[in-house]
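The values are calculated or read from the model by the stated rules, or taken from the named source; none is laboratory data. Since we're looking at a predicted model, the values are computed, not measured. Ideal geometry is used to build each Cβ from the backbone, glycine not excepted, and the neighbour counts take in all protein chains shown.
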Amino acid sequence: MMNKIVLLTLAGGVLLQSAQAQQSEKVDAAMLEKIKDEGLNRSKVMETAFYLTDVSGPRLAGSDGLQRANAWTKQQLTSWGLVNASIEPWGTFGRGWDIEKSYVALTAPYYHAMIGAPKAWTPSTPGTVKKQVVVVKATAEADLDAYKGRLRDKIVLTDVAQPPKTNFEPDARRYTDAELQKLTEAPATPATPAASPDAERQLATRRAQAALRAKLAEFYLSEGAVAVLSSRGGSEGTFFTTNGAPYAPDAKPVLPEMEMAPEDQLRLIRLAEAGIPVEIELETRTRFQTQDLKGYNVVAEIPGTDRKLKSEVVMLGGHLDSWHAASGATDNAAGCAIMMEAVRILKAAGVQPRRTIRIALWGEEEQGLHGSKNYVKNHFADPATMQLLPDHAKLAAYFNLDNGAGKIRGIYTQGNEAVVPIFTEWLKPLASLGATTVTKRNTGGTDHLSFDAVGLPGFQFIQDPLDYGTRTHHTNMDTYERLPPNDLKQAAVVVATFVYNAAMRDQKLPRKPLPAAKAQ
């Protein structure tokens, strides 16, 4: 009986809190109209995206392109009237890496240029090399015995695990009303869900694959191979990319390696397995940056004006780094351009926020959320100890964007039930723009998790997927052309509205209970 009374009391408290939030939440309709007008009719978001992609170029962690983007964003935010702009070091990252030349072609049995790019953090070839290939198919270390003595002075050609197939579905899509409704009905998952047997198996599989890749790299090098051609999959000229070696300054040496479009890779395999000699001409020139091993974030502020609240902070951000085979448009120049546009809109609309608004453009996200994790550790708390720094109490909210270039359809609350009625009220004036959904569900894989890990209210927006998962995410097709202007404009208006509301409300956003310390 006591348990039932406690549950009923808790349920009643949640309902009362929800009703109070809906009654007390203030929305400044006049300012929201100014935000919409500025963001939809005088947008600079595509101009910003152009400078982040075409002008800055690929922005791999530690690369020249990321340094260009850091410098430009700091200058641009300052020119819009933000203050305290800085390129803030967060700690030691590792070696930077840039491509200076990349070329691969089939030269026998005939000439044909092929699609590919060096794997990140792999070395240069010794000039132009023209060698025959050996196909290596190894799913276990024992399989390598069959290739001993066969690889010297050859180019290794690895298998394609996922050959492309004819696809009858469009690359891009938007969320349907039914899908968005399902998000609202889904039960909240724990902020730190317990590991399931399936998750444990997946983790074990990934570790085994990583160990095998390390063994393969050592074997190719010891056997005297010249270079490696590989493919992680893709279709229609699109290929996925990643790193081929660690970025640590003391990483073990590996061979030069290029990732290929699977259609090119499979053609080479078919020819070689048919007994037809295959010759490849290959040259990569890459450069390691070892003078500065630190990682950086770009931060800037709109100062608060309320005497009591200006020491509190509302943050927004996205990661500025990208992969190297394209210009990182949807991952994540789009998110950064939208967040920059949001603060530009607020300045242009004449907003005088009660709380300070701080934008952060994170570095080194792609290698493990390093920029945001270390910012949180340096400014708020270390999740390994949960010893809170003074600024932990001052953060009102953090809003993140990093799921492509689609319009915003709502927001994930990371299991924070107390913010559901608040965000529901905030979205009502944005319904005509297609942003309506509040879900209690968690979403992962990006920088809001760094805040959530120490009990801070960090949120990621729901975005239309478009072709993010099918064509652009970590591929050579992640270019400016994949950015729909109207989607980016809409997203910037939604973000500016949420940031404005969080900066102006009387209280900080509600928080979940503090998590327990968790060794990293």
Exercise for the section: Hey, can you tell me all the residues within the range 459-479 that are within 20 Å of H448 (Cα to Cα) and of a type in the set (S, T, N, Q)? Expected result: Q460, Q463
Exercise for the section: Six or more apart or on different chains, Cβ under 6 Å: which pairs go from a residue in the range 348-359 that's in the same structural domain as E301 (by TED's automatic domain parsing) to one that's assigned to a loop (DSSP other than H, G, I, E, B) and among the basic types (K, R)? Could you list them? Expected result: T356/K310
Handout entry: From the options V136, V83, V129, residue that is surrounded by fewer than 19 Cβ atoms within 10 Å (Cβ to Cβ) and outside the structural domain of V298 (by TED's automatic domain parsing)
Key = V129
Problem - Qualifying positions in the range 61-90 - closer than 13 Å to Y296 by Cβ, part of a strand (DSSP E or B) and out of contact with any Leu (no Cβ under 8 Å at 6 or more places or on another chain) - result: S86, I87, E88, P89, W90
Practice task
Kindly list the number of the only condition in (1) surrounded by fewer than 24 Cβ atoms within 10 Å (Cβ to Cβ); (2) within 16 Å of the chain's Cα centre (by Cα); (3) in a strand (DSSP E or B) that fails for G368.
Solution key: (3)
Exercise for the section: Collect the residues in the range 120-135 that are among the hydrophobic types (A, V, I, L, M, F, W, C) and farther than 30 Å from S322 by Cα, keeping them in residue-number order. Expected result: V133, V134, V135
Exercise for the section: Evaluate the following for K428: is it in the same structural domain as D321 (by TED's automatic domain parsing), surrounded by fewer than 21 Cβ atoms within 10 Å (Cβ to Cβ) and closer than 23 Å to M31 by Cα? Expected result: yes
Handout entry: Residues (within 31 Å of the chain's Cα centre (by Cα), part of a loop (DSSP other than H, G, I, E, B) and under 24 Å from E283 (Cα atoms)) located in the range 137-170
Key = D159, V160
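A quick yes/no check of all residues on (1) of a type in the set (S, T, N, Q); (2) closer than 13 Å to L157 by Cα; (3) surrounded by fewer than 14 Cβ atoms within 10 Å (Cβ to Cβ):
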residue	(1), (2), (3)
R232	no, yes, no
G237	no, no, no
P249	no, no, yes
P262	no, yes, no
R285	no, no, no
Q291	yes, no, yes
N297	yes, no, no
Practice task
Could you check, for the range 303-317, whether at least one of its residues is closer than 30 Å to E259 by Cα and crowded, with 23+ Cβ neighbours inside 10 Å?
Solution key: no
Problem - Where A85 falls short, out of the listed (1) touching a residue at least 40 places away in the same chain (Cβ under 8 Å); (2) more than 30 Å from G350 (Cα to Cα) - result: (2)
Practice task
Answer with yes or no whether A326 is in the same structural domain as S63 (by TED's automatic domain parsing), in contact with a strand residue (DSSP E or B) (Cβ under 7 Å, 6 or more places away or on another chain), under 17 Å from T78 (Cα atoms) and surrounded by 24 or more Cβ atoms within 10 Å (Cβ to Cβ).
Solution key: no
Completion exercise
Of the residues in the range 470-508, those that are surrounded by fewer than 21 Cβ atoms within 10 Å (Cβ to Cβ) and polar (S, T, N, Q) come to T470, T479, N486, Q507
Practice task
Report yes if T446 is part of a loop (DSSP other than H, G, I, E, B), modelled with pLDDT of 95 or more and of a type in the set (S, T, Y), otherwise no.
Solution key: yes
